[in-house]
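Below is one structure, written out as structure tokens, with a few remarks after it.
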Amino acid sequence: MEVKSQKPCFCSELYGLPEADWPDAYRVNRYVRGVNDDATAVEALGEFQDFPTWMWRNTDVLNFINWLRQYNDALPQNARKVSFYGLDLYSMHASIDAVLGYLDKVDPDAAKQARSRYDSAWHNLRTPS
């Protein structure tokens, strides 16, 4: 994949965390890991509605997502697969809601702990030091 400086999301992708809403990126993550119903990378990007089209619906991103999927598909069955997660501070509440919703389903104790930590973090962000 060619990294282009005019596309800021790619800088953080090199470290594994693109600038993207968590729920939108999680759908792509499920695609690259082969655990959802999306047949193509284009379908997996279907949740990206709040970002400019050029940022996500371009050849570089599609090639990158396809490469991740092919890489994972070629791994032995029990190997650790690469993932695709996102974080965007402008959609922090949507991201928190998605994380807590997931934890409520799979680990209610972890959800309770996460709520406590989120509450503490938000308090510290709003309280000047």
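So what does residue 22 come to for accessible area, using a 1.4 Å probe and Å² rounded to 10? Only protein atoms counted, so the area is about 70 Å².
Remark: accessible surface ordering of 48, 64 (largest first) is 64, 48, probe radius 1.4 Å.
Taking every protein chain into account, the 1.4 Å probe leaves residue 33 with about 70 Å² of accessible area, to the nearest ten.
The values are calculated or read from the model by the stated rules, or taken from the named source; none is laboratory data. The shown structure was predicted, so the numbers you read here are calculated from the model rather than taken from an experiment. These accessible areas exclude ligands, DNA and RNA; they are computed on the full protein's heavy atoms, side chains included. Shrake-Rupley method; radii C 1.70, N 1.55, O 1.52, S 1.80 Å.
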